[in-house]
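The values are calculated or read from the model by the stated rules, or taken from the named source; none is laboratory data. Predicted model only: the values in this text are computed from it and were never measured. Heads up, the Cβs are rebuilt from the backbone with ideal geometry, glycines too, and the neighbour counts pull from every protein chain shown.
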Amino acid sequence: MGLIETDETNQFTYEHFAAHAPYVQVNRVLVQQALAHLAAKSQFAPLTIVDMACGTGAVTRLIIEELARQGWLVQAHVVGVDPSAEALRSAKKSIEAMELDVRVDFLQGEASDLPCVVQNVDIVFFCNAIHLIADKLAAFREIAAILASDGIFACNSAFYQGTYVEGTERFYRLWVRRAVGWLRKEHPEVQLSRTTKAMAMQWLTPEQYSHTLQQAGFERVHMVQTDVPLSLDALHDIGHYWLFIEGALPGVPLALGASALETAVYQAGQELGLNAVSRAWLQLIATKS
Ligand SMILES: C[S@@+](CC[C@H](N)C(=O)[O-])C[C@H]1O[C@@H](n2cnc3c(N)ncnc32)[C@H](O)[C@@H]1O
């Protein structure tokens, strides 16, 4: 699956989900843990931070906030990279609205473009997107190639084997079942594709992530799994993100998929008596050997 941006996908963005407080918090923790590694650096040394797959800038803003809090803004250069031009436009606007004196550049590209873009990077973030990458080893190698020695790689995902907190799998099954039921009833002409297995569905275990990072030249891989409570409204909003719709209801036109997931999320919640569903986030911090 490539990232093919269209007028249709641009209507189903990640921004609404990314604004939910528990999501912001789990990313903030990762950002703080990664930036804690800067303590050993001289306060006057230049500092380069890459936010890979920055999307609409949810994590970029957290990085800048934390740099400001720690007094690093003056010498920092933050580079946001994402294949989506539309997402980058929105990220740029939101950073400008922060009105901080910080050097930020946004570049359209993927992990494979990184070595041509920046070198000698202190920290690379890759948040909530690694599950979308087919060849994770190649991506980790490209990240290792742009990091300075002892550089830090911080990465997280809620699409891995272990993300479903015990007892919550039935919620996701019911959500999709009710969405498919709604489509059959309201739009019987729509066919679900059985053959395309979306990239986001190829989930690795935490151990596979750790092993792949080590193979790519990282050491001291620190892994934590954190439970994040997602309200039905937050789940509704992730159900309006095009990459999620493609994963949950492959082959379905996005607008219909979003409507189906919207109706079904509250239905499944009501049937199971749930207002929120906890989901585990895998948070990884690794040091380049
Ligand atoms: C769920 S968003 C995450 C945005 C942000 N990093 C965050 O954590 O809130 C996933 C992002 O991955 C990007 N993406 C998709 N395929 C990619 C690829 N092959 N390489 C890099 N980024 C990719 C998408 O454009 C999208 O902006």
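Of the residues making up the stretch 3-17, none is under 30 Å from Arg220 (Cβ atoms) and within 17 Å of the chain's Cα centre (by Cα). Taken over the stretch 32-61, the criterion of being in contact with a strand residue (DSSP E or B) (Cβ under 7 Å, 6 or more places away or on another chain) and either within 11 Å of the ligand (Cβ to nearest atom) or among the acidic types (Asp, Glu) (or both) is satisfied by Asp51, Met52, Ala53, Cys54, Gly55, Gly57, Val59, Thr60. Taking the criterion of being more than 13 Å from the ligand (Cβ to nearest atom) and touching a residue at least 12 places away in the same chain (Cβ under 8 Å), the residues of the stretch 115-137 that qualify are Pro115, Val118, Gln119, Asn120, Val121, Asp122, Ile123, Leu137. Phe140 falls short of the stated requirement of being aromatic (Phe, Trp, Tyr), crowded, with 21+ Cβ neighbours inside 10 Å, within 14 Å of the ligand (Cβ to nearest atom) and farther than 13 Å from Gln215 by Cβ. Once the stretch 76-104 is narrowed to residues that are charged (D, E, K, R) and within 16 Å of the ligand (Cβ to nearest atom), the residue that is modelled with the lowest pLDDT is Glu86. Candidates are the residues of the stretch 179-201 that are within 28 Å of the chain's Cα centre (by Cα) and not hydrophobic (A, V, I, L, M, F, W, C); the one that is modelled with the highest pLDDT is Ser193. Phe44 satisfies every condition listed in (1) closer than 18 Å to Ala158 by Cα; (2) hydrophobic (A, V, I, L, M, F, W, C); (3) part of a loop (DSSP other than H, G, I, E, B) except (1). Looking at (1) within 15 Å of the ligand (Cβ to nearest atom); (2) in a helix (DSSP H, G or I), find the lone condition where Ala68 falls short. Single failed check for Ala68: (1). The set of residues in the stretch 17-26 that are crowded, with 16+ Cβ neighbours inside 10 Å, closer than 13 Å to Thr56 by Cβ and not aromatic (Phe, Trp, Tyr) contains only Ala18. Selection over the stretch 260-279 of residues that are buried (at least 20 other Cβ atoms within 10 Å of the Cβ) and more than 13 Å from Tyr172 (Cβ to Cβ) gives a count of 1.
Within the stretch 71-94, residues that are under 20 Å from Gln32 (Cα atoms) sit with their Cβ atoms under 6 Å from residues that are in a helix (DSSP H, G or I) and near the ligand (Cβ under 10 Å from one of its atoms), at 6+ positions apart or across chains, in these pairs: Gly80/Thr60; Gly80/Ala91.
So in the stretch 139-177, with the set limited to residues that are part of a helix (DSSP H, G or I), more than 18 Å from the chain's Cα centre (by Cα) and aliphatic (A, V, I, L, M), which one is farthest from Lys288 (Cα to Cα)? By that ranking, first place goes to Leu174.
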